[in-house]
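The structure under discussion appears below in the form of structure tokens.
The values are calculated or read from the model by the stated rules, or taken from the named source; none is laboratory data. None of the values given here were measured: they were computed from a predicted structure. Positions of Cβ are generated from backbone atoms using ideal geometry, with glycine treated the same way; all protein chains shown enter the neighbour counts. Side chains are part of the model used for accessible areas, which takes the heavy atoms of the whole protein and leaves out ligands, DNA and RNA. Shrake-Rupley method; radii C 1.70, N 1.55, O 1.52, S 1.80 Å.
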Amino acid sequence: MQKKEFSVTPWDVKGEVDYERLVKEFGISKIDGKLLNRIKKHTKELHPMLRRGIFFAHRDLNWILDEYEKGNKFFLYTGCGPSGPIHLGHLGTWLFTKWLQDVFDVELWFQFTDDEKFLFKEKSFDEIEKWTHENILDVVALGFKPEKTHFLIDTKHAGLMYPIAIQFAKKINFSTIRAVFGLENDANIGQIFYTSMQAVPAVVPSVLKKKNIPCLIPLAIDQDPHFRIARDVYPKLGYYKPAIIHSLFMPSMSGPKGKMSSSEEHTAILTTDKEKEVENKIKRYAFSGGRDTIEEHRKLGGNPDVDVSFQYLRFLFEPSDEKLEKIEKDYRSGKMLTSELKKITIEKINAFLKEHQKKREKARKEIEKFIYKNSS
Ligand code: TRP
């Protein structure tokens, strides 16, 4: 049987993603029950995204816990590519990262890759700077601890980052980048260099403290290739390899198997959308697992596995397993109609966004507390 075609790179996700195959091809490990129990020993509760297998794979998570248990705390590192507005698809990783920061009480380094987005998108640097500012408001609004959170903006923190980046750049050759990312000869030379910038925050605290500190990177699985390459380099430069925890993609409006992206701008739900816009988007665009007619739906039931509204509840908006299971059961049996399911999802998203938008406004005055200030 022919393998179904799909591709996952940091710049593009195409086709129906086969996660089992990605795990094999990327050489990462699934998170199993044993590892979940080990995490639970420290966190008491498991985050819904762990219980539900949304954060589903890892590299070296056992090592991070070994070190943690020895009293050697890790720090978290994740990031945002500022090329457009923040939509619901971005939030999963960041909300999960906030949970990790809270339960483990650790530092977070957060990278804004304005250089990356300038190099990879047909956008002016002015426009990218505008999105950097807008995206920062969303990240601050999520409630990270200001005293333990440090934002790095690649072009603004170049003085700190560039000398580290060139250490990585010198040990990664063009053929590796070309093979892993599928870059062609017309790729601009900034694109070829970029992975070395994304490698940097994983060692910034070690550089600043002049001692190695373990790092854990929560990310959506498309970002793994940068670190797959860079992880070979960290030890060559005398650092630990960062550990990684990988999530599935939040489904796009048009179906469960792709990735929600801002290029779907008019259908994706943005953090700045008003109640009515959320309602319209879900009603009009959210792919439904329901049947064509109410009679058929009552008789045959709906399919929550492909239903985007249901998947949003599962990914982010219904933390109670009990409630989620009841919705799933009622939808599958035909007792709950698509319109009823969508109504629940719309209410949940709007309740979240109402709070988020308030915090996003407040964030305007708080940005400076988060941006890393070189103490030297
Ligand atoms: N490249 C990522 C993006 O386009 C942003 C990013 C930078 C990131 N460093 C990261 C994401 C570390 C996850 C982990 O969105």
Is it the case, given these coordinates, that LYS117 is touching a residue at least 12 places away in the same chain (Cβ under 8 Å), over 23 Å from VAL204 (Cα atoms) and within 12 Å of the ligand (Cβ to nearest atom)? no
Does GLN167 fit the bill of being open to solvent by 50 Å² or more (accessible area, probe 1.4 Å), more than 12 Å from the ligand (Cβ to nearest atom) and in contact with a Leu (Cβ under 7 Å, 6 or more places away or on another chain)? yes
Of the candidates ASP273, ASP232, the one satisfying the condition of being outside any helix (DSSP H, G or I), among the acidic types (Asp, Glu) and more than 30 Å from LYS24 (Cβ to Cβ) is ASP273
Quick test for you: out of LEU208, LEU183, pick the one residue that is farther than 30 Å from LEU50 by Cβ and assigned to a helix (DSSP H, G or I). LEU208
Would you check if there is a residue in the range 1-20 being at pLDDT 95 or above and at positive phi? no
Could you identify the single residue in GLU368, GLU296, GLU322, GLU355 that is free of Cβ contacts under 8 Å to residues at least 60 places away in the same chain and either closer than 22 Å to ARG52 by Cβ or in the same structural domain as HIS157 (by TED's automatic domain parsing) (or both)? GLU322
Kindly indicate whether ASP232 is in the same structural domain as ILE64 (by TED's automatic domain parsing), within 24 Å of ASP66 (Cβ to Cβ), in contact with a strand residue (DSSP E or B) (Cβ under 9 Å, 6 or more places away or on another chain) and of a type in the set (Asp, Glu). no
Being more than 21 Å from GLU355 (Cα to Cα), more than 12 Å from the ligand (Cβ to nearest atom) and touching a residue at least 12 places away in the same chain (Cβ under 8 Å) is the filter here, so list the residues in the range 129-146 that pass it. GLU129
Are any residues in the range 45-74 outside any helix (DSSP H, G or I), of a type outside the set (Lys, Arg), touching a strand residue (DSSP E or B) at 6+ places or on another chain (Cβ under 6 Å) and more than 20 Å from THR271 (Cβ to Cβ), and if so, which ones? PHE55, ALA57, HIS58, ASP60, PHE74
